[in-house]
Amino acid sequence: GIGGLVAIGLSPANVNKRVGGSQTFTAVGTKASGEVITIFPTWEMTGDAIGTFTARGTVATLEILAQGKATIRCTSGEVIGYSYVTIEGFVANITAEADTFVDEANGGSVHYTDTSLKAGYVSSTDRYYESYFRFPLGSIPAAASVESATVKLYSSSVSSAALQLKALTGSFSGTTSWSTR
């Protein structure tokens with residue numbers, strides 16, 4: 001190699017991240033003895049278009065914009081160092097901003113300010129309850145396609161685990177009742 005250069009080590013050598021943010025790469029050239037040697041490398045990113053890649057000297061930065069796989073290559077003379085990058089989709093954790101429930105037996109009752117929710121059929125009283133949730137979706141990028149969603153609900157008491165989750169076709173408010181649902 002040039003001036004005794006035998007290896008270029010990239011740090012990190014493997015990257016597994018999600019869309020958003022950035023990743024910095026550092027190149028270190030070494031001689032056969034293990035001694036660090038100054039290098040003036042060229043950088044290249046190949047593979048999927050996962051972001052904007054810029055390099056200066058022995059440091060490069062990737063602004064992560066999309067999912068996919070790419071290889072970072074750092075070259076000095078005939079010696080090449082690699083880093084392998086895998087970017088997965090964007091993840092948003094979203095908490096409900098509003099909720100309520102409605103009660104079949106009390107068609108006009110409003111439960112918007114209640115501290116607990118009721119849902120499902122209660123056989124002992126022969127009545128149905130429905131719960132509604134509203135989620136703020138502004139943290140999801142406009143160009144994103146939602147591949148999966150998980151809703152986590154925690155019960156304080158259960159008489160039947162047979163519940164259904166459905167998308168609402170309209171909105172609810174603080175005055176929503178069984179009669180106006």
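Structure notes:
- Near pairs, Cβ below 9 angstrom, 6+ apart or cross-chain, from region 142-156 (farther than 12 Å from Phe90 by Cα) to any residue that is not in a loop (DSSP other than H, G, I, E, B): Val151/Phe133; Leu153/Ser131; Leu153/Phe133
- Candidates are the residues of region 48-92 that are of a type in the set (Phe, Trp, Tyr), in contact (Cβ under 8 Å) with a residue 24 or more places away in the chain and within 30 Å of Thr30 (Cβ to Cβ); the one that is surrounded by the fewest Cβ atoms within 10 Å (Cβ to Cβ) is Tyr82.
- Gly170 vs. criteria open to solvent by less than 90 Å² (accessible area, probe 1.4 Å), assigned to a loop (DSSP other than H, G, I, E, B), under 17 Å from Ser116 (Cβ atoms) and of a type outside the set (Ser, Thr, Tyr): no
- Verdict on Gly20 being open to solvent by less than 70 Å² (accessible area, probe 1.4 Å) and in contact with an Asp or Glu (Cβ under 8 Å, 6 or more places away or on another chain): no
- Of the numbered criteria (1) in contact (Cβ under 8 Å) with a residue 12 or more places away in the chain; (2) surrounded by 12 or more Cβ atoms within 10 Å (Cβ to Cβ); (3) of a type in the set (Ser, Thr, Tyr), the one Thr95 fails is (2).
- Selection within region 53-96 - aromatic (Phe, Trp, Tyr) and under 30 Å from Val151 (Cα atoms): Phe90
- If the condition is being within 29 Å of the chain's Cα centre (by Cα) and more than 11 Å from Met45 (Cα to Cα), then region 62-88 contributes Glu63, Ile64, Leu65, Ala66, Gln67, Gly68, Thr86, Ile87, Glu88.
- Scope region 117-154; condition surrounded by 10 or more Cβ atoms within 10 Å (Cβ to Cβ), more than 26 Å from the chain's Cα centre (by Cα), small (Gly, Ala, Ser) and assigned to a loop (DSSP other than H, G, I, E, B); matching residues: Ala119
- Search result, residues across region 98-116 that are surrounded by 13 or more Cβ atoms within 10 Å (Cβ to Cβ), in contact with a strand residue (DSSP E or B) (Cβ under 6 Å, 6 or more places away or on another chain) and not polar (S, T, N, Q): Ala98, Asp99, Phe101, Val102, Asp103, Glu104, His111, Tyr112
- Candidates are the residues of region 79-93 that are in contact with a Leu (Cβ under 9 Å, 6 or more places away or on another chain) and modelled with pLDDT of 90 or more; the one that is farthest from Thr58 (Cα to Cα) is Ile87.
The values are calculated or read from the model by the stated rules, or taken from the named source; none is laboratory data. Every value quoted in this text rests on a predicted model; they were computed, and no experiment measured them. Heads up, the Cβs are rebuilt from the backbone with ideal geometry, glycines too, and the neighbour counts pull from every protein chain shown. Each accessible area value is taken on the protein alone, full model and side chains, heavy atoms only, with ligands, DNA and RNA left out. Shrake-Rupley method; radii C 1.70, N 1.55, O 1.52, S 1.80 Å.
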